[in-house]
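The values are calculated or read from the model by the stated rules, or taken from the named source; none is laboratory data. Please read these numbers as outputs of a predicted model, since none were measured by experiment. For neighbour counting, all protein chains shown are included, and Cβ atoms are generated from backbone atoms with ideal geometry for every residue, glycine included. Remember, those area values only see protein heavy atoms, side chains included, never the ligands or the DNA or RNA. Shrake-Rupley method; radii C 1.70, N 1.55, O 1.52, S 1.80 Å.
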Amino acid sequence: MYREENLGVRTPQRKQRGAHVRVPLPGASQANQRWSMDFASERLVDGRWFRILTIVDQFTRECLGAQADRLQTGEQVVVQLKRLSAPRGAPESITTDNGGEFAGKAVESWAYQNGVKLDLIRPGRPVENGYIESFNGRLRDECLNGALFFRLVDARAQIEAWRQDYNEQRPHSALDERTPTEVARTLRERAFALSSLNKTRPQPCPGSAGAGQNQPALDRAAVLPTEPNKRAKARAEAPHLLVRFKGDTLIPESPGNWAFGPLSTDGSQLIPCLKNRVGSTL
């Protein structure tokens, strides 16, 4: 009867989502490897709502950004992601929930162009994105619940001041009682030192691509001197004797050393002659 009278209640059909293998998300092993982002909501004094986009580095626990705005769309999320990734580079993956701002085409297109993997947690399981949930809890308890925001500009200034204090003055137990900024600075200095050390290491011997370059002596076969080269070297290293020719008479400079050579044009000139140990001229 209800069907004939069209009195049946229409239940909305749930959207079909692609099936994914539910596996635990891996943890970050270095800085700027995995980010987490989410929204936090708050009201101004006049009752108007605004939303805060929070982004946290999972390894250093550093709050990279906390941008407040009246309307947060996927395009605005992409603007903040571009601003944060410009000085430090894009991460390998970002953990978010299934909100329309994060699962939309704008964020998905940016992630595809920059090689970033979007890890969407299961609906109704915020514990799977525990890093950002813990940070948003601190943000609400220490900043949002204890401050009055008259305008959006005022809210942005107070939230940014709290973010800097959180990064630079608040030690974290998971970071061995160090601040997130201190940990991030230490990791950057260590990475710079390692890159400088790699530049000073000896490079391997070039192959065919480095033809024409001198190779190390240990990489070349030993070349033995030939017999003519030996004789030429012996003549070059033999001591020389300066003799003076006076007409057809040979006058040695040192007694007992004799050599023969061509006469000079003026009849008197010092010319070098090889000294022979056995008494003959070479």
*Determine whether the stretch 87-97 contains at least one residue that is open to solvent by 40 Å² or more (accessible area, probe 1.4 Å), under 17 Å from Gln67 (Cβ atoms), out of contact with any strand residue (DSSP E or B) (no Cβ under 6 Å at 6 or more places or on another chain) and assigned to a helix (DSSP H, G or I).*
yes
*Is it true that some residue in the stretch 71-90 is modelled with pLDDT under 95, farther than 25 Å from Arg156 by Cβ and not β-branched (Val, Ile, Thr)?*
yes
_Can you tell me which condition Leu118 does not meet? The list is (1) assigned to a strand (DSSP E or B); (2) touching a Lys or Arg at 6+ places or on another chain (Cβ under 8 Å); (3) open to solvent by 40 Å² or more (accessible area, probe 1.4 Å), and all the others hold._
(2)
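Just to check your reading of the model, which residue among Arg190, Arg151, Arg170 is open to solvent by 90 Å² or more (accessible area, probe 1.4 Å) and at pLDDT below 90? Give the steps one after another, and end with the answer.
Values: Arg151 fails: at pLDDT below 90; Arg170 fails: open to solvent by 90 Å² or more (accessible area, probe 1.4 Å).
On inspection, the qualifying residue turns out to be Arg190.
I'm trying to understand the selection: among the residues of the stretch 24-38, which are open to solvent by 30 Å² or more (accessible area, probe 1.4 Å) and not polar (S, T, N, Q)? Don't jump to the end; show me each part of the working.
So the first thing to find is which residues in the stretch 24-38 are open to solvent by 30 Å² or more (accessible area, probe 1.4 Å), and the list is 24-27, 29-32.
Listed by number, the residues that qualify are Pro24, Leu25, Pro26, Gly27, Ala31.
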*Among the residues of the stretch 154-167, count how many are of a type in the set (D, E, K, R), farther than 14 Å from Glu62 by Cβ and surrounded by 17 or more Cβ atoms within 10 Å (Cβ to Cβ).*
1
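Quick test for you: out of Glu108, Glu101, Glu128, pick the one residue that is more than 25 Å from Asp165 (Cα to Cα), in contact with a helix residue (DSSP H, G or I) (Cβ under 6 Å, 6 or more places away or on another chain) and part of a helix (DSSP H, G or I).
On the way: Glu108 fails: in contact with a helix residue (DSSP H, G or I) (Cβ under 6 Å, 6 or more places away or on another chain); Glu128 fails: in contact with a helix residue (DSSP H, G or I) (Cβ under 6 Å, 6 or more places away or on another chain).
Only one candidate qualifies: Glu101.
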*Does the stretch 134-186 hold any residues that are over 30 Å from Leu44 (Cα atoms), assigned to a loop (DSSP other than H, G, I, E, B) and of a type in the set (S, T, N, Q), and which are they?*
Thr179
*Pairs under 6 Å by beta carbon, first residue free of Cβ contacts under 8 Å to residues at least 60 places away in the same chain and of a type in the set (Asp, Glu) in the stretch 153-170, partner in a helix (DSSP H, G or I) and open to solvent by less than 70 Å² (accessible area, probe 1.4 Å), six or more apart or different chains?*
Glu168/Thr181
*Out of the residues in the stretch 76-86 that are surrounded by 13 or more Cβ atoms within 10 Å (Cβ to Cβ) and not hydrophobic (A, V, I, L, M, F, W, C), state the one that is farthest from the chain's Cα centre (by Cα).*
Gln76
